[in-house]
Amino acid sequence: MTLTQQIITIAICVLGTAATRFLPFILFSEKRPAPKYIQYLGKALPSAIFGMLVIYCLKDVSFLGGSHGLPELISIAVTVAIHLWRRNMLASIAAGTVCYMLLLQFVF
């Protein structure tokens with residue numbers, strides 16, 4: 001890519017990102033509330049996305065061989081326990097990730 005093409009590509013990426021960030025605030029101002037369907041999606045989609053992530057992360061785990069999926073199951077239990085205790089998503093995800101990495105490096 002030439003320098004001009006690189007600048008154009010970066011500019012398009014910046015514009016696309018800015019548009020997706022600002023468009024909802026432009027479309028749904030305080031004067032005009034969001035439609036019920038959009039409010040429903042705002043409540044339902046975060047849980048659905050996390051459910052999809054859990055399934056994606058566990059799709060290749062072999063429960064019949066090797067460690068039988070124990071590092072994954074222990075890490076999920078740690079993530080859930082920390083989230084129920086602290087109600088902090090960042091802390092629970094970080095704790096589960098650190099737990100999984102430590103289990104893989106030192107135990108399994």
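The values are calculated or read from the model by the stated rules, or taken from the named source; none is laboratory data. Predicted model only: the values in this text are computed from it and were never measured. The protein model used for the area step is the full one, side chains on, heavy atoms only, and it has no ligands, DNA or RNA in it. Shrake-Rupley method; radii C 1.70, N 1.55, O 1.52, S 1.80 Å.
Exactly one condition in (1) open to solvent by less than 100 Å² (accessible area, probe 1.4 Å); (2) among the acidic types (Asp, Glu); (3) over 29 Å from TYR100 (Cα atoms) is not met by GLU30; state its number.
(1)
Looking at (1) modelled with pLDDT of 95 or more; (2) open to solvent by less than 90 Å² (accessible area, probe 1.4 Å), which one does LEU53 not meet, given that it meets all the others?
LEU53 satisfies all of (1) modelled with pLDDT of 95 or more; (2) open to solvent by less than 90 Å² (accessible area, probe 1.4 Å) except (1).
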